[in-house]
1. Calculate the FRET efficiency for residue 357 and residue 87 from the Cβ-Cβ distance with a Förster distance of 25 Å, rounded to the nearest 0.05.
2. With a bin width of 5 angstrom, please list the P(r) values of segment 514-583 as percents of all Cα-Cα pairs, from the 0 bin to the one holding the largest distance.
3. Can you work out the accessible area per residue across segment 470-621, with the rest of the protein chains kept in place, probe 1.4 Å, in square angstrom?
4. Are any of the pairs 131/265; 107/273; 33/391; 273/477; 404/480 more than 23 Å apart by Cα-Cα distance, and if so, which?
5. Provide the gained length on full extension for the span residue 682 to residue 212, in nm with one decimal, where the gain is 0.36 nm per separating residue minus the Cα-Cα distance.
6. Can you give me the span-like helices of the chain, meaning DSSP H runs with 27 Å or more of Cα extent along the axis and Kyte-Doolittle mean at or above -1.0?
7. Considering only DSSP states other than H, G, I, E and B, which trypsin sites (Lys or Arg not before Pro) in segment 332-369 qualify as loop sites with at most 15 other Cβ atoms within 10 Å?
8. Could you calculate the FRET efficiency of residue 20 with residue 569 from 1/(1 + (r/R0)^6), where r is the beta carbon distance between them and R0 is 45 Å, rounded to 0.05?
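The values are calculated or read from the model by the stated rules, or taken from the named source; none is laboratory data. Just so you know, these numbers come straight off a predicted model, no measurement behind them. Cβ placement follows ideal geometry from the backbone for every residue including glycine, while neighbour counts extend to all protein chains displayed. For accessibility, only protein heavy atoms count, side chains too; no ligands or nucleic acids. Shrake-Rupley method; radii C 1.70, N 1.55, O 1.52, S 1.80 Å.
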Amino acid sequence: MINPKKPKIWYGGDYNPDQWEKPIWDEDIRMFKLAGIDVATLNVFAWAKNQPDEDTYDFGWLDEMMDKLHANGIGVCLATSTAAHPAWMARKYPDVLQVDFHGRKRKFGGRHNSCPNSPTYRKYASRMAEKLAERYKDHPALLIWHINNEYGGAGNCYCDNCEAAFREWARARYGTLDELNRAWNTGFWGHTFHDWEDIVLPSGLSEEWAGANGRTETNFQGISLDYIRFHSDSLLDCYKLEYEAVKKHTPDIPVTTNLMGAFKKLDYHKWAKHMDVVSWDNYPRFDTPHSYTGMMHDLMRGLKDGQPFMLMEQTPSQQNWQPYNSLKRPGVMRLWSYQAVARGADTILFFQLRRSIGACEKYHGAVIEHAGHEHTRVFRECARLGEELGKLGDTLLDARVRAKAAILFDWENWWAVEMSSGPTIALRYVDEAHKFYDALYRLGIAADVVSVEADLSGYDLVIAPVMYMVKQGVADKLEKYVQAGGALITTFFSGIVGESDLVQTGGYPGELRKLLGIWAEEIDALLPSQRNRIVVPDGAPGLRAEYECGMLCDLIHSEGAEVKAVYGDDFYRGMPALTVNKFGAGEAWYLATSPETSFLQDWLSQLCASRGIRPLVRTAPEGVETTLRSKDGQDYLFVLNHNEDAVSVELGDRSGVDLLTGRPIDGGKAELAGRDVWIVKLHS
Ligand code: GLA
Ligand code: ZN
């Protein structure tokens, strides 16, 4: 449980009374109670208010608000306010200001605007965290710490302090210049470094430039990769300073910071090790596939071994920062809230509780809209959900999601794949992972999304899409997993480099070659308009005779693997496109190209069936999502209907009672209304 002081699914969100005049506060509280809101996230952007100058701290408003919330049964997720530095600090100590990619020193403005290696920022941010902890350590409303906000949310810093820190970081990683020169392959283009001071940050002034497709291109992948690692670590160090500052005074209060799903710049697997609870902000676009949101929840859950996470932010209705900010249709906010719960969330929190009247978020949805009263559609929907969550009590808290399949996801691999300078700019790591996830989702098969460090022994199927970078120990680990009976899938453009993006010579897929029983000789990149074909021999159950494929085609030779399908066109027609290698008690599959989606569905459906991995329910039409959470031997089956209209669902050999309505649901056909949800407490 996140904090046993509040043993239910927390309900509420970001609340900024510091941006309002006091007379409105009591009205807010009245409406929170009407909506069943019992947690407020305070103090996210109040640094300038709390510390009007270098020596003055004034927490009057916060004292009053903490007391008021507590008196009304509302707990506090207390932020440390360090995600936007005060203007006086920027004026007095310019080292807090960032230098951008093009070498321009920024002025005061925006948020997430501090240089992570600024001594001033680090000193005052951790001092603020400590002052808050000292002040509120015994406050009964305090439930959890919310450090900073969405770390990495704005640009990176390229200032002199960061450059000096990067040299130190590189020295700690490589020890000697010889080792660094080897790792960065600096013999190329005459880059050999003879002095640590020779090293500069890779930016628009040195090695990098903005490329097509949102990519940052670089002359030196080794250097650029290390800069991203360094930048992620620099922000993590800032987080850790605040973490330690609050823990000094409140060792038992859990600590989190709000993450952002597949956010590229920060290696969340590394971050999560320093968080007590993972929390994240879920803002799907109007056209985001439900399976993508599902994958993000699963990725966040996977950061801490499946431990329940917090949904820290979502909008009750619309956003303001997308090109087209559609309203969530009636029922959608509730449905997506339960999607989070279905995938392991133990809180439902919004951004924000009251809609602001000025600056860029005034058209962002809130529980209390500009109308200012409770007679709105959005408020009614929020209040209905609040009531339901109240009734659910602690039933689902700490329940674990169960999956037999896993998708490996790795940030460093992601960075490396997308700065690779060839063979194609079309390759998007997250999209490739999502293709697999989506195929399983449509089949009704749950997948965890986990790091390469995760324990794989409980999975019957492990998918490692585009495992371009094979980190130390990973090949060995995968061999052991398959040896012991597991099934592994990996794809084109795998086994190419190690952690410094240096190619492993002797033939792709390098260290994975033995396990996969294949050798990849060349890699063809197809134009966006070009396709090849995957041709399946007669008699392969459940598969069509051919499918389209494209983007990349590895030209592979079998070295013992069984060829399951071949290319249909071009000079490599007849060469293997899909292979499987028996290895120990298990099997290792290689898919040499990027297929059309129906191929993945047909193939994975067969493969899962052969591994005994079954869908959670017998029949669920398109747009129906299913998950299972279990606790103390009791299973809860979530069935979510993303369609506007009612559908008929058949649980099959399962039955139980819907927690939300008390309605019994048996194995036969039952109707689930449009955008409605069942949480079926299953009979054992
Ligand atoms: C982010 C931030 C919030 C707010 C919302 C708006 O998630 O953390 O402060 O800006 O976006 O969608
Ligand atoms: Zn800097």
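1. Taking R0 as 25 Å, the efficiency between residue 357 and residue 87 is 0.75.
2. Once binned at 5 Å, the Cα pair distances of segment 514-583 give 4, 17, 26, 24, 19, 9, 2, 0.
3. Per-residue value: 43 Å².
4. 131/265; 107/273
5. Here the segment from residue 682 to residue 212 would lengthen by 164.2 nm.
6. 221-249
7. On the way: sites: 334, 343, 354, 355, 362; in loops: 343, 355, 362.
Answer in residue order: 362.
8. The value I calculate is 0.10.
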